[in-house]
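The values are calculated or read from the model by the stated rules, or taken from the named source; none is laboratory data. This is a predicted model, so every value here is computed, not measured. Positions of Cβ are generated from backbone atoms using ideal geometry, with glycine treated the same way; all protein chains shown enter the neighbour counts. Ligands, DNA and RNA are stripped out before the accessible areas are found, and what is left, the full protein with its side chains, is counted by its heavy atoms. Shrake-Rupley method; radii C 1.70, N 1.55, O 1.52, S 1.80 Å.
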Amino acid sequence: MSRNKFGFDPIEDPTPAKRRREPGPMGTAVREAAASLAESTEGLVEQRRMNAADAKAWRQAQQDGRVLVEISVGEILTDALPRDRLDLEAVASSDEMEELKTSIRERGQKEPIEVFPLDGGYQLKKGWRRLTALRQLHAETGDARFGVAVARVSEGQGGRIDLYIDMVEENVIREDLSFAEMAQVVIIAASEEGVAADELVNRIYASLHKMKRSYIRSFVFLLQTLGDVLPFPKALSRNLGVDVARKLQSEPGAAGQLGASLAGAANPEAQAAILKAFLSEQKPASKPAGTRSVKYEFHVGASKVTAREGECRILSSVDFTSIDKARLRRAVEAFEAALREA
(Lines give C-alpha, C1' and ligand atoms only; values in the text may rest on other atoms or scores of the structure.)
Protein backbone atom coordinates (compact mmCIF):
# COMPACT_ATOMS: atom_id res chain seq x y z
CA MET A 1 0.00 0.00 0.00
CA SER A 2 1.52 3.43 -0.93
CA ARG A 3 2.15 6.03 1.68
CA ASN A 4 0.92 9.59 1.41
CA LYS A 5 3.13 12.67 1.31
CA PHE A 6 3.24 12.91 5.08
CA GLY A 7 4.90 9.54 5.32
CA PHE A 8 2.21 7.50 7.08
CA ASP A 9 -0.43 5.03 5.95
CA PRO A 10 -4.19 5.91 5.55
CA ILE A 11 -6.16 5.61 8.76
CA GLU A 12 -8.51 2.62 8.56
CA ASP A 13 -12.30 3.14 9.22
CA PRO A 14 -12.84 2.07 12.81
CA THR A 15 -16.57 1.28 12.17
CA PRO A 16 -16.94 -2.43 11.90
CA ALA A 17 -18.82 -3.82 8.86
CA LYS A 18 -22.48 -4.66 9.42
CA ARG A 19 -23.07 -8.30 9.76
CA ARG A 20 -25.92 -9.82 7.73
CA ARG A 21 -28.35 -11.39 10.13
CA GLU A 22 -30.28 -14.40 8.92
CA PRO A 23 -33.49 -15.23 10.75
CA GLY A 24 -33.38 -18.25 12.91
CA PRO A 25 -35.77 -21.16 12.83
CA MET A 26 -38.22 -19.44 15.20
CA GLY A 27 -38.20 -16.18 13.21
CA THR A 28 -38.78 -18.02 9.96
CA ALA A 29 -41.70 -19.87 11.48
CA VAL A 30 -43.24 -16.64 12.82
CA ARG A 31 -42.91 -14.89 9.45
CA GLU A 32 -44.44 -17.80 7.57
CA ALA A 33 -47.27 -18.00 10.08
CA ALA A 34 -47.96 -14.27 9.73
CA ALA A 35 -48.00 -14.48 5.92
CA SER A 36 -50.28 -17.50 6.01
CA LEU A 37 -52.63 -15.75 8.42
CA ALA A 38 -52.85 -12.70 6.18
CA GLU A 39 -53.63 -14.86 3.15
CA SER A 40 -56.25 -16.88 5.04
CA THR A 41 -57.86 -13.71 6.41
CA GLU A 42 -58.19 -12.24 2.90
CA GLY A 43 -59.58 -15.54 1.65
CA LEU A 44 -62.03 -15.70 4.56
CA VAL A 45 -63.23 -12.16 3.92
CA GLU A 46 -63.75 -12.95 0.22
CA GLN A 47 -65.57 -16.21 1.07
CA ARG A 48 -67.85 -14.40 3.49
CA ARG A 49 -68.62 -11.78 0.85
CA MET A 50 -69.51 -14.49 -1.66
CA ASN A 51 -71.64 -16.32 0.91
CA ALA A 52 -73.54 -13.12 1.69
CA ALA A 53 -74.16 -12.51 -2.01
CA ASP A 54 -75.32 -16.10 -2.51
CA ALA A 55 -77.65 -15.84 0.50
CA LYS A 56 -79.13 -12.60 -0.83
CA ALA A 57 -79.67 -14.15 -4.26
CA TRP A 58 -81.26 -17.23 -2.64
CA ARG A 59 -83.68 -15.10 -0.59
CA GLN A 60 -84.60 -13.10 -3.69
CA ALA A 61 -85.17 -16.31 -5.66
CA GLN A 62 -87.41 -17.62 -2.89
CA GLN A 63 -89.37 -14.39 -2.82
CA ASP A 64 -89.77 -14.46 -6.61
CA GLY A 65 -90.93 -18.07 -6.56
CA ARG A 66 -87.96 -19.39 -8.53
CA VAL A 67 -86.96 -22.03 -5.97
CA LEU A 68 -88.53 -25.48 -6.23
CA VAL A 69 -89.18 -27.48 -3.07
CA GLU A 70 -90.79 -30.81 -2.24
CA ILE A 71 -93.92 -30.65 -0.09
CA SER A 72 -96.03 -33.54 1.15
CA VAL A 73 -99.32 -33.67 -0.77
CA GLY A 74 -101.13 -33.94 2.56
CA GLU A 75 -99.78 -30.54 3.64
CA ILE A 76 -101.24 -28.68 0.65
CA LEU A 77 -104.78 -27.34 1.11
CA THR A 78 -107.10 -26.22 -1.69
CA ASP A 79 -109.86 -24.39 0.16
CA ALA A 80 -108.52 -20.82 0.18
CA LEU A 81 -109.49 -20.20 -3.46
CA PRO A 82 -112.59 -21.51 -5.26
CA ARG A 83 -111.16 -23.38 -8.22
CA ASP A 84 -111.70 -22.23 -11.78
CA ARG A 85 -113.41 -25.52 -12.62
CA LEU A 86 -117.19 -25.91 -12.40
CA ASP A 87 -117.22 -29.69 -12.06
CA LEU A 88 -114.13 -30.83 -10.18
CA GLU A 89 -115.41 -34.35 -9.59
CA ALA A 90 -115.87 -34.89 -13.32
CA VAL A 91 -112.37 -33.58 -14.01
CA ALA A 92 -110.89 -35.82 -11.30
CA SER A 93 -112.44 -38.93 -12.90
CA SER A 94 -111.96 -37.96 -16.54
CA ASP A 95 -109.90 -39.69 -19.21
CA GLU A 96 -107.60 -36.66 -19.26
CA MET A 97 -106.82 -37.24 -15.57
CA GLU A 98 -105.92 -40.86 -16.28
CA GLU A 99 -103.59 -39.72 -19.06
CA LEU A 100 -101.92 -37.26 -16.68
CA LYS A 101 -101.51 -39.99 -14.07
CA THR A 102 -99.91 -42.28 -16.64
CA SER A 103 -97.44 -39.55 -17.60
CA ILE A 104 -96.50 -38.86 -13.96
CA ARG A 105 -96.22 -42.59 -13.20
CA GLU A 106 -93.79 -43.14 -16.08
CA ARG A 107 -91.86 -39.86 -16.19
CA GLY A 108 -92.48 -38.18 -12.85
CA GLN A 109 -93.89 -34.74 -12.19
CA LYS A 110 -92.34 -32.52 -14.86
CA GLU A 111 -94.23 -29.30 -14.20
CA PRO A 112 -94.25 -27.86 -10.66
CA ILE A 113 -97.40 -26.75 -8.92
CA GLU A 114 -97.55 -23.33 -7.26
CA VAL A 115 -98.53 -22.71 -3.64
CA PHE A 116 -98.54 -19.80 -1.23
CA PRO A 117 -98.08 -19.83 2.56
CA LEU A 118 -101.17 -19.19 4.68
CA ASP A 119 -101.76 -19.67 8.42
CA GLY A 120 -98.62 -21.75 8.85
CA GLY A 121 -99.39 -24.09 5.94
CA TYR A 122 -99.57 -24.09 2.16
CA GLN A 123 -102.53 -23.28 -0.09
CA LEU A 124 -102.71 -24.24 -3.75
CA LYS A 125 -102.57 -21.48 -6.33
CA LYS A 126 -101.88 -23.36 -9.59
CA GLY A 127 -101.82 -27.01 -10.54
CA TRP A 128 -105.03 -28.55 -9.19
CA ARG A 129 -104.95 -31.39 -11.73
CA ARG A 130 -101.30 -32.26 -11.07
CA LEU A 131 -101.88 -32.28 -7.31
CA THR A 132 -105.01 -34.41 -7.73
CA ALA A 133 -103.14 -36.87 -9.97
CA LEU A 134 -100.35 -37.24 -7.36
CA ARG A 135 -102.87 -37.80 -4.58
CA GLN A 136 -104.70 -40.44 -6.58
CA LEU A 137 -101.46 -42.20 -7.50
CA HIS A 138 -100.28 -42.19 -3.88
CA ALA A 139 -103.62 -43.61 -2.71
CA GLU A 140 -103.59 -46.28 -5.44
CA THR A 141 -99.95 -47.39 -5.20
CA GLY A 142 -98.66 -46.29 -1.79
CA ASP A 143 -95.45 -45.29 -3.59
CA ALA A 144 -93.63 -42.61 -1.56
CA ARG A 145 -92.53 -40.74 -4.68
CA PHE A 146 -96.16 -39.78 -5.31
CA GLY A 147 -96.55 -38.55 -1.74
CA VAL A 148 -94.62 -35.33 -2.39
CA ALA A 149 -95.24 -32.58 -4.92
CA VAL A 150 -92.58 -30.46 -6.56
CA ALA A 151 -93.78 -26.94 -5.84
CA ARG A 152 -92.90 -23.32 -6.32
CA VAL A 153 -93.64 -21.29 -3.20
CA SER A 154 -94.91 -17.79 -3.91
CA GLU A 155 -94.11 -15.47 -1.02
CA GLY A 156 -95.39 -12.18 -2.41
CA GLN A 157 -98.97 -13.26 -2.98
CA GLY A 158 -100.53 -9.77 -3.14
CA GLY A 159 -104.29 -9.32 -2.83
CA ARG A 160 -107.14 -11.71 -3.51
CA ILE A 161 -107.59 -10.48 -7.08
CA ASP A 162 -103.90 -11.14 -7.75
CA LEU A 163 -104.41 -14.70 -6.53
CA TYR A 164 -107.34 -15.17 -8.91
CA ILE A 165 -105.29 -13.79 -11.80
CA ASP A 166 -102.42 -16.18 -11.04
CA MET A 167 -104.80 -19.11 -10.68
CA VAL A 168 -106.52 -18.68 -14.05
CA GLU A 169 -103.68 -17.38 -16.24
CA GLU A 170 -102.12 -20.80 -16.86
CA ASN A 171 -105.40 -22.38 -17.98
CA VAL A 172 -106.39 -19.30 -19.98
CA ILE A 173 -103.10 -19.37 -21.87
CA ARG A 174 -103.67 -23.04 -22.64
CA GLU A 175 -107.29 -22.25 -23.65
CA ASP A 176 -108.41 -24.89 -21.20
CA LEU A 177 -111.26 -22.97 -19.55
CA SER A 178 -114.79 -22.62 -20.87
CA PHE A 179 -116.41 -19.20 -20.97
CA ALA A 180 -118.77 -20.25 -18.19
CA GLU A 181 -115.81 -21.18 -15.97
CA MET A 182 -114.07 -17.90 -16.68
CA ALA A 183 -117.26 -16.03 -15.86
CA GLN A 184 -117.73 -18.00 -12.64
CA VAL A 185 -114.29 -16.90 -11.40
CA VAL A 186 -115.28 -13.26 -11.97
CA ILE A 187 -118.60 -13.69 -10.14
CA ILE A 188 -116.96 -15.28 -7.08
CA ALA A 189 -114.19 -12.66 -6.97
CA ALA A 190 -116.73 -9.85 -7.31
CA SER A 191 -118.79 -11.18 -4.40
CA GLU A 192 -115.68 -11.36 -2.21
CA GLU A 193 -114.51 -7.85 -3.13
CA GLY A 194 -117.97 -6.30 -3.08
CA VAL A 195 -117.65 -4.81 -6.56
CA ALA A 196 -119.49 -5.20 -9.84
CA ALA A 197 -118.45 -8.26 -11.82
CA ASP A 198 -118.08 -6.24 -15.04
CA GLU A 199 -115.36 -4.18 -13.38
CA LEU A 200 -113.25 -7.27 -12.70
CA VAL A 201 -113.33 -8.82 -16.16
CA ASN A 202 -110.64 -6.47 -17.50
CA ARG A 203 -108.49 -6.95 -14.38
CA ILE A 204 -108.61 -10.73 -14.14
CA TYR A 205 -108.43 -11.34 -17.90
CA ALA A 206 -106.30 -8.37 -18.92
CA SER A 207 -104.15 -10.57 -21.18
CA LEU A 208 -107.11 -11.58 -23.37
CA HIS A 209 -108.35 -9.75 -26.45
CA LYS A 210 -111.13 -7.24 -25.76
CA MET A 211 -113.54 -9.29 -27.89
CA LYS A 212 -112.97 -12.33 -25.69
CA ARG A 213 -113.48 -10.19 -22.58
CA SER A 214 -116.77 -9.07 -24.10
CA TYR A 215 -117.84 -12.72 -24.41
CA ILE A 216 -116.91 -13.30 -20.77
CA ARG A 217 -119.09 -10.34 -19.73
CA SER A 218 -122.00 -11.90 -21.62
CA PHE A 219 -121.51 -15.17 -19.74
CA VAL A 220 -121.25 -13.27 -16.44
CA PHE A 221 -124.66 -11.72 -17.15
CA LEU A 222 -126.05 -15.10 -18.24
CA LEU A 223 -124.92 -16.93 -15.09
CA GLN A 224 -126.04 -14.12 -12.81
CA THR A 225 -129.45 -14.06 -14.49
CA LEU A 226 -130.16 -17.78 -14.68
CA GLY A 227 -128.18 -18.84 -11.60
CA ASP A 228 -128.44 -22.51 -10.73
CA VAL A 229 -131.23 -23.20 -13.23
CA LEU A 230 -128.63 -23.57 -15.99
CA PRO A 231 -127.75 -27.24 -15.40
CA PHE A 232 -124.70 -27.61 -17.70
CA PRO A 233 -123.01 -24.22 -17.99
CA LYS A 234 -119.60 -25.64 -18.93
CA ALA A 235 -121.10 -27.32 -22.00
CA LEU A 236 -122.59 -24.07 -23.31
CA SER A 237 -120.91 -22.94 -26.53
CA ARG A 238 -119.66 -19.40 -26.89
CA ASN A 239 -122.06 -18.27 -29.63
CA LEU A 240 -125.14 -19.82 -28.05
CA GLY A 241 -124.35 -18.37 -24.65
CA VAL A 242 -123.69 -14.88 -26.03
CA ASP A 243 -126.90 -14.94 -28.10
CA VAL A 244 -129.02 -16.05 -25.12
CA ALA A 245 -127.45 -13.39 -22.91
CA ARG A 246 -128.17 -10.74 -25.54
CA LYS A 247 -131.83 -11.74 -25.77
CA LEU A 248 -132.21 -11.82 -22.00
CA GLN A 249 -130.77 -8.31 -21.83
CA SER A 250 -133.39 -7.08 -24.29
CA GLU A 251 -136.20 -9.14 -22.69
CA PRO A 252 -135.60 -9.18 -18.91
CA GLY A 253 -138.97 -10.77 -18.21
CA ALA A 254 -138.12 -13.89 -20.22
CA ALA A 255 -135.64 -15.26 -17.66
CA GLY A 256 -138.29 -16.87 -15.45
CA GLN A 257 -139.90 -18.86 -18.26
CA LEU A 258 -136.54 -19.91 -19.65
CA GLY A 259 -135.43 -21.09 -16.22
CA ALA A 260 -138.55 -23.22 -15.87
CA SER A 261 -137.85 -24.82 -19.26
CA LEU A 262 -134.22 -25.54 -18.38
CA ALA A 263 -135.26 -27.44 -15.25
CA GLY A 264 -136.24 -30.34 -17.50
CA ALA A 265 -132.87 -30.55 -19.31
CA ALA A 266 -131.36 -33.98 -18.60
CA ASN A 267 -128.12 -33.48 -20.55
CA PRO A 268 -126.12 -30.81 -22.38
CA GLU A 269 -127.84 -31.61 -25.68
CA ALA A 270 -131.29 -31.03 -24.16
CA GLN A 271 -130.05 -27.78 -22.62
CA ALA A 272 -128.80 -26.57 -26.01
CA ALA A 273 -132.11 -27.47 -27.66
CA ILE A 274 -134.07 -25.47 -25.08
CA LEU A 275 -131.82 -22.43 -25.48
CA LYS A 276 -132.03 -22.57 -29.28
CA ALA A 277 -135.82 -22.78 -29.06
CA PHE A 278 -135.78 -19.76 -26.78
CA LEU A 279 -133.78 -17.82 -29.37
CA SER A 280 -136.18 -18.75 -32.16
CA GLU A 281 -139.20 -17.37 -30.29
CA GLN A 282 -140.52 -14.12 -31.73
CA LYS A 283 -140.28 -11.05 -29.57
CA PRO A 284 -143.75 -9.69 -28.77
CA ALA A 285 -144.63 -6.34 -30.28
CA SER A 286 -143.74 -3.57 -27.87
CA LYS A 287 -145.38 -0.68 -29.73
CA PRO A 288 -149.05 -0.02 -30.30
CA ALA A 289 -150.34 -0.50 -33.80
CA GLY A 290 -149.96 2.53 -35.98
CA THR A 291 -146.96 3.89 -34.08
CA ARG A 292 -144.47 5.38 -36.48
CA SER A 293 -140.99 3.80 -36.30
CA VAL A 294 -137.91 5.97 -35.99
CA LYS A 295 -135.39 5.95 -38.82
CA TYR A 296 -132.19 7.86 -39.49
CA GLU A 297 -129.33 7.77 -41.98
CA PHE A 298 -125.68 8.87 -42.03
CA HIS A 299 -122.49 8.27 -44.02
CA VAL A 300 -119.21 6.70 -42.91
CA GLY A 301 -116.66 7.25 -45.64
CA ALA A 302 -118.18 5.92 -48.84
CA SER A 303 -120.77 3.80 -46.98
CA LYS A 304 -124.36 4.85 -46.29
CA VAL A 305 -125.85 3.57 -43.04
CA THR A 306 -129.61 3.33 -42.49
CA ALA A 307 -130.78 2.56 -38.96
CA ARG A 308 -134.26 1.66 -37.72
CA GLU A 309 -135.68 -0.73 -35.11
CA GLY A 310 -134.21 -4.18 -35.62
CA GLU A 311 -132.30 -3.16 -38.73
CA CYS A 312 -128.98 -1.56 -39.61
CA ARG A 313 -128.35 -1.46 -43.36
CA ILE A 314 -124.96 -0.61 -44.91
CA LEU A 315 -124.84 0.34 -48.58
CA SER A 316 -121.34 0.42 -50.00
CA SER A 317 -119.39 -0.03 -53.21
CA VAL A 318 -117.49 -2.83 -51.48
CA ASP A 319 -118.28 -6.34 -52.74
CA PHE A 320 -118.87 -8.03 -49.39
CA THR A 321 -118.98 -11.47 -51.03
CA SER A 322 -115.31 -11.03 -51.94
CA ILE A 323 -114.38 -10.74 -48.24
CA ASP A 324 -113.46 -13.92 -46.38
CA LYS A 325 -116.48 -15.12 -44.42
CA ALA A 326 -114.52 -15.55 -41.18
CA ARG A 327 -113.11 -12.02 -41.48
CA LEU A 328 -116.56 -10.56 -42.15
CA ARG A 329 -117.95 -12.45 -39.18
CA ARG A 330 -115.22 -11.03 -36.91
CA ALA A 331 -116.04 -7.53 -38.14
CA VAL A 332 -119.75 -7.96 -37.34
CA GLU A 333 -118.91 -9.44 -33.93
CA ALA A 334 -116.68 -6.44 -33.19
CA PHE A 335 -119.53 -4.15 -34.28
CA GLU A 336 -122.00 -5.84 -31.92
CA ALA A 337 -119.47 -5.91 -29.08
CA ALA A 338 -118.94 -2.16 -29.48
CA LEU A 339 -122.71 -1.59 -29.30
CA ARG A 340 -122.98 -3.64 -26.10
CA GLU A 341 -120.08 -1.80 -24.46
CA ALA A 342 -121.64 1.55 -25.26
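Holding the Cα-Cα limit at 22 Å, pick out from Lys126/Lys210; Lys101/Lys234; Lys212/Lys325; Lys212/Lys234 the pairs that are longer than that. Can you show the working numbers first?
Details: Lys126/Lys210 25 Å; Lys101/Lys234 24 Å; Lys212/Lys325 19 Å; Lys212/Lys234 16 Å.
Over 22 Å Cα-Cα: Lys126/Lys210; Lys101/Lys234.
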**Histogram of C-alpha separations across the range 230-282, 10 Å bin width, %** = 25, 63, 12
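Rank Ile165, Ile314 by accessible area, highest first, at a 1.4 Å probe radius?
On the way: Ile165 45, Ile314 90 Å².
Ranked list, largest accessible area first: Ile314, Ile165.
Percent relative contact order of the range 145-256, based on C-alpha pairs within less than 8 angstrom and at least six residues apart?
Values: 77 pairs, mean separation 28.0, N = 112.
Result for the range 145-256 is 25 percent.
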**Request:** Quote the accessible area belonging to Phe335 in square angstrom, nearest 10, computed with a 1.4 Å probe and with ligands, DNA and RNA left uncounted.
**Result:** 100 Å²
**Prompt:** How would Tyr215, Tyr122, Tyr296 rank on accessible area, largest to smallest, probe 1.4 Å?
**Reply:** Tyr296, Tyr122, Tyr215
**Message:** Taking loop as defined by DSSP and a crowding limit of 10 other beta carbons within 10 Å, which trypsin sites (Lys or Arg not before Pro) in the range 104-136 fit?
**Reply:** Lys110
**Item:** Tyr122 long-range amide H proximity, modeled H, under 5 Å
**Value:** Leu77
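Name the shape class, rounded, prolate or oblate, that the alpha-carbon gyration tensor gives for the range 296-342, where a ≥ b ≥ c are the square roots of its eigenvalues, rounded holds for a/c under 1.5, and otherwise prolate holds if a/b is larger than b/c and oblate otherwise. Mind showing how you got there, number by number?
On the way: a/c = 2.03, a/b = 1.10, b/c = 1.84.
The shape class here is oblate.
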